[in-house]
1. Given (1) touching a Ser or Thr at 6+ places or on another chain (Cβ under 9 Å); (2) more than 22 Å from GLY244 (Cα to Cα); (3) open to solvent by 80 Å² or more (accessible area, probe 1.4 Å); (4) not β-branched (Val, Ile, Thr), where does PRO303 come up short, assuming only one miss?
2. Please determine, by comparing only the residues of region 421-463 that are among the polar types (S, T, N, Q) and closer than 25 Å to TYR110 by Cα, which one is modelled with the lowest pLDDT.
3. If you take the residues in region 376-406 that are part of a loop (DSSP other than H, G, I, E, B) and open to solvent by less than 10 Å² (accessible area, probe 1.4 Å), which one is nearest to LYS358 (Cα to Cα)?
4. So CYS350 ticks every box in (1) crowded, with 21+ Cβ neighbours inside 10 Å; (2) touching a residue at least 40 places away in the same chain (Cβ under 8 Å); (3) not in a helix (DSSP H, G or I) but one. Which box is left unticked?
5. Give just the number: which of (1) in a loop (DSSP other than H, G, I, E, B); (2) within 29 Å of GLY185 (Cα to Cα) does GLY98 not satisfy?
6. Among the listed residues THR111, THR65, identify the single one that is at pLDDT 95 or above, of a type in the set (Val, Ile, Thr) and open to solvent by 10 Å² or more (accessible area, probe 1.4 Å).
7. Hey, among VAL404, VAL322, which residue is over 19 Å from GLU255 (Cα atoms), aliphatic (A, V, I, L, M) and under 22 Å from the mean Cα position of the chain (by Cα)?
8. Residues that are touching a strand residue (DSSP E or B) at 6+ places or on another chain (Cβ under 7 Å) and among the polar types (S, T, N, Q): find the helices (runs of 4 or more DSSP H) completely inside region 10-72 holding 1 or more of those.
Amino acid sequence: FKTCPGRVLCKLPCSGEKEVDLAVQSAKAAFKIWSQMSGMERCRVMLEAARIIREQREEIATMETINNGKSIFEARVDIDISWQCLEYYAGLAGSLAGEHIQLPGGCFGYTRREPLGVCVGIGAWNYPFQIACWKAGPALACGNAMVFKPSPFTPISVVRLAEIFTEAGVPKGLFNVVQGGAATGQFLCHHPDVAKISFTGSVPTGMKIMEMAAKGIKPVTLELGGKSPLIIFSDCSLDNAVNGALMANFLTQGEVCCNGTRVFVERKILDTFTKEVVKRTQKIKIGDPLLEDTRMGALINQPHLNRVQGFIKQAKEQGAEVLCGGDLYVPDDPKLKNGYYMRPCVLGNCRDDMICVKEEIFGPVMSILPFDTEEEVLERANATKYGLAGGVFTRDIQKAHRVVAALKAGMCFINNYNASPVELPFGGYKSSGFGRENGRAAIEYYSQLKTVCVEMGDVESVF
């Protein structure tokens, strides 16, 4: 592999209605085999897939860096989270069970936890391989098959995941990959043999998917956008809070849905905090994402880079002050000159009514907003249509728990940000979607309960 910013890596044909149907029928056939296997049998296959990913970590991470543009340092973390996800759900596969309920007169009932069938996963371009594992892990553990459509901007690494599942011993067709954009996604959502849809991406697309799923009464999991608040109190550990703000804004070039891009700072430490954040932001190493010391690679494509630049221009027009960055970056290496690079940006003098504060930018742009009281900042933090994540930095543990309890967000962080342990559920409130990925909670969204009532005597008829 070589870094080729601004160049075509490969060309893949879009899957049309015929190809989508072939993928679904293939998955449907594999489901009949996989769903009849015991949980322990599924566990062993999934552990083998996790082992292959772990052993090929460097190769897959390199592929992901070229696929997406993020630093190799981050890509390795993504791959580690991916195999950990498969290991976690492999461990749960053998423990999935219903319950027995004793009823009067010696009668009893029981519940069975059953798979849904063919599930569709539609991924985003910021974490291509990891998102596919987050969706496939619980789906396969519950006995389902999956047809996965990656973003057309990052089509490569998920194909490798499909190969790995095959090598690990899943039935042929259990995890299928189709390629394409909106049209391919529509064919998947409308297909009568698809039992469930899980989507990660933008709010407008999520709304369309929900509408299409409703016509077939298909359950959906939606992991959508965010404009999350990060609240920095004056009694925080300043250095840790600065680290948290950088983690909450600049991972994967800022292209992270749960980023804490509205950074609320208690006024008494505003100047000190801002000065330190700017100093640290200016030191972030930008450039070739395959180099070990690079911490920020290229944005996904030219249109997206232009969009992020447009937000910064609007912010300045509305009175925000660019404290650092925001401009295009051209690396010294001539082979990188066509890359979609920009310097990470910190905006000061921000107000809640500014577009840069209200809308999801999905780029390396941090907005700093001062506050005076806990009550005030909570009201402002929750004054958004989004509700994916939120964070608080304080040494007062009672305050920390009080604040996160009041935040209307599905994933909250105390004195850290953007940690993604697979053991914990992930998902949003409000327009950020519903349903959960990761943790035991995801099992609920990839299985269904059947209730069985057993009568031990004769039926008493009222007729």
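The values are calculated or read from the model by the stated rules, or taken from the named source; none is laboratory data. Please read all numbers here as calculations on a predicted model, not as lab measurements. Every residue, glycine as well, gets a Cβ built from its backbone with ideal geometry; the counts of neighbours run over all protein chains shown. Heavy atoms of the whole protein, side chains included, go into the accessibility calculation; ligands, DNA and RNA do not. Shrake-Rupley method; radii C 1.70, N 1.55, O 1.52, S 1.80 Å.
1. Failed condition: (1).
2. At the first step, the residues of region 421-463 found to be among the polar types (S, T, N, Q) are 431-432, 438, 447-448, 451, 461.
Then keep just the ones that are closer than 25 Å to TYR110 by Cα; that gives 447-448, 451, 461.
On the way: SER447: 97, GLN448: 97, THR451: 97, SER461: 81.
Per the criteria, the residue is SER461.
3. Looking only at region 376-406, we keep the residues that are part of a loop (DSSP other than H, G, I, E, B), and these are 382-388, 394-396.
Now restrict to residues that are open to solvent by less than 10 Å² (accessible area, probe 1.4 Å): 387-388, 394.
Working: GLY387: 12, LEU388: 14, THR394: 25 Å.
Among those that are part of a loop (DSSP other than H, G, I, E, B) and open to solvent by less than 10 Å² (accessible area, probe 1.4 Å), it is GLY387.
4. Here CYS350 clears every test but (2).
5. Tallying (1) in a loop (DSSP other than H, G, I, E, B); (2) within 29 Å of GLY185 (Cα to Cα), GLY98 fails exactly one: (2).
6. Values: THR65 fails: open to solvent by 10 Å² or more (accessible area, probe 1.4 Å).
Matching residue, one of THR111, THR65: THR111.
7. Values: VAL322 fails: under 22 Å from the mean Cα position of the chain (by Cα).
Among VAL404, VAL322, only VAL404 is over 19 Å from GLU255 (Cα atoms), aliphatic (A, V, I, L, M) and under 22 Å from the mean Cα position of the chain (by Cα).
8. Details: elements: 17-34, 39-55, 57-68.
Here the list reads 17-34.
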